[in-house]
Each structure stands twice: as C-alpha cells, then as structure tokens.
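S.K.: Sharing a structure with you now.
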Amino acid sequence: MFIQTESTPNPNSLKFILEEEITKDQTFEFNSIEDCVASELAAQLFNIDGIESIFFGLNFISINKNKYEWDQLKAPILTKIADFLSSGKPVIKVNDLKETNNNKTEFNPEDKEIVFQIQELLDSKIKPAVAQDGGDIEFKKFYDGIVYLALQGSCAGCPSSTMTLKTGIENLLKHYVREVKSVEQYT
C-alpha cells in the first residue's frame, strides 16, 4: 500500500494521497470522534493525539492537527491508514450514515436558475482546484446576491481561506453570474 503525502497551503493540514478511491461521489468531514459513527477509520485516526479534524475526498484524506509537528504525527497516521485499507473494510459504512440536511442549499425558489449556474461553476471549476489542496467547498446558501460557502478539509482554518473566497471564488462567480454580489464564509 503506497500512500503519498503532500503539504497544503494550510500548515496545520496534510494531504494523504491514496492509490484507490475511498468515496464515490461525496466527501466526508469529521470534526470529533462523535462524528465517526459511519467510519471506523476516522475513529481510529482520532485516537492519535493531536488530530483536530479529518476529511475524506475521492482518493485522499486530509488531516488537520492542533498540536505536535507533522514529523511526530505522520508515521502513526500512515500506519493506521495503511493497516485499515489493507483490512478490506469499507472506509464509510453507508448503512451507518445519518440523514442530514447539511447538503441542502437554501435559496429563494425564484433564484433556482442562478443557484444552478453557481453550482455548475463550483462543480466544474472551483471544487477540482480546491481538492488539489486537500479540501472541498460546500454551497450552503444564496440570499440577496450573496453566496455562502462552507470550507472543508485543509481549507477549514487555512490562513489563505479568506483570500481564496474573496479573490478567487468571488471574482470567478461574479464574472460568470452577474447576480452574485459577494461570497461569504458560512458559519
């Protein structure tokens, strides 16, 4: 099992690139061990002291730390990931997933076409770039010309996240969708 590590723009996050896909068409974020009902691997990783959050992308895992240096954390993380993937167990137990409204976008029904355009741009242009840095962006709300996005994975807590939202994403969305006035982080 070969696992490659890659630094991200967030110094407290490291991306672990895998040889195989671990999720299908959805990403998963875990911010505490209590969130790990559907993932034994995430629960095992939280047992390593210093882990703050875990993010599963298509073929990578981003881990955010809250203490220690990466040279102290990297080996135990790699061991847990390699051992788990070698076991053949699923990374996400689909039957244990809770139904949530987290993926629902709030918007006025008359803005449906605008929201569709925004989502298309996010899916085709922005999400692939953000995934390269070990994260994801979830479209949460469109109201009064303002797009609200939640940053996930390496992007959450990244020092350059405000610049990413305002300079990168906001400019792109405003260029293609004239109804967009600004982009804000969803809290």
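Please treat every number below as a calculation from the coordinates, not as lab data. It should be emphasised that the depicted structure is a prediction, and the values quoted were computed from it without experimental measurement. Every residue, glycine among them, receives a Cβ derived from its backbone with ideal geometry; neighbour counts consider all protein chains shown.
S.K.: Quick one: of K15/K127; K112/K140; K15/K140; K89/K140, which pairs are farther than 20 Å apart, Cα to Cα?
M.R.: Working: K15/K127 16 Å; K112/K140 14 Å; K15/K140 24 Å; K89/K140 32 Å.
From the list (K15/K127; K112/K140; K15/K140; K89/K140), the Cα-Cα distance tops 20 Å for K15/K140; K89/K140.
S.K.: What relative contact order, as a whole-number percentage, does the range 132-173 give when Cα pairs under 8 Å and 6 or more residues apart are counted? Walk me through the numbers before you get to the answer.
M.R.: Working: 36 pairs, mean separation 13.6, N = 42.
So the answer I get is 32 percent.
S.K.: A further question follows. Is there a quick way to get the dipole size of the chain? I mean about its Cα centre, with the Cβ of Lys and Arg at +1 and of Asp and Glu at -1; what is the value in debye to the nearest 20? Show your work: numbers first, answer last.
M.R.: Numbers: 19 positive and 29 negative charges, 49 e Å.
For the chain, the charge dipole is close to 240 debye.
S.K.: Per-residue ellipticity at 222 nm for the chain, helices alone: DSSP H runs ≥ 4 residues times -39500 (n - 2.57), over residue total, nearest 500 deg cm²/dmol?
M.R.: Rounded to the nearest 500, it is -7000 deg cm²/dmol.
S.K.: How big is the charge dipole of the range 81-187 about its Cα centre, in debye rounded to the nearest 20, if each Lys and Arg gets +1 on its Cβ and each Asp and Glu gets -1 on its Cβ?
M.R.: 140
S.K.: Hey, any idea what Rg/Rh is for the range 1-69, computing Rh the Kirkwood way over Cα pairs? Walk me through the numbers on the way to the answer.
M.R.: On the way: Rg = 11.6 Å, Rh = 12.4 Å.
When Rh is taken as the Kirkwood radius, the ratio is 0.94.
S.K.: Can I ask one more? Semi-axes of the equivalent ellipsoid of the range 108-187: what are they in whole Å, largest first, if each equals the square root of 5 times a C-alpha gyration tensor eigenvalue? Intermediate values should be presented prior to the final figure.
M.R.: On the way: eigenvalues 82, 30, 26 Å².
They are 20, 12, 11 Å, listed largest first.
S.K.: Still on this structure, I have one more. Per residue and in Å³, how big is the convex hull formed by the alpha-carbon atoms of the chain?
M.R.: On the way: hull volume 21.5 nm³, N = 187.
Hull volume normalised by residue count: 115 Å³.
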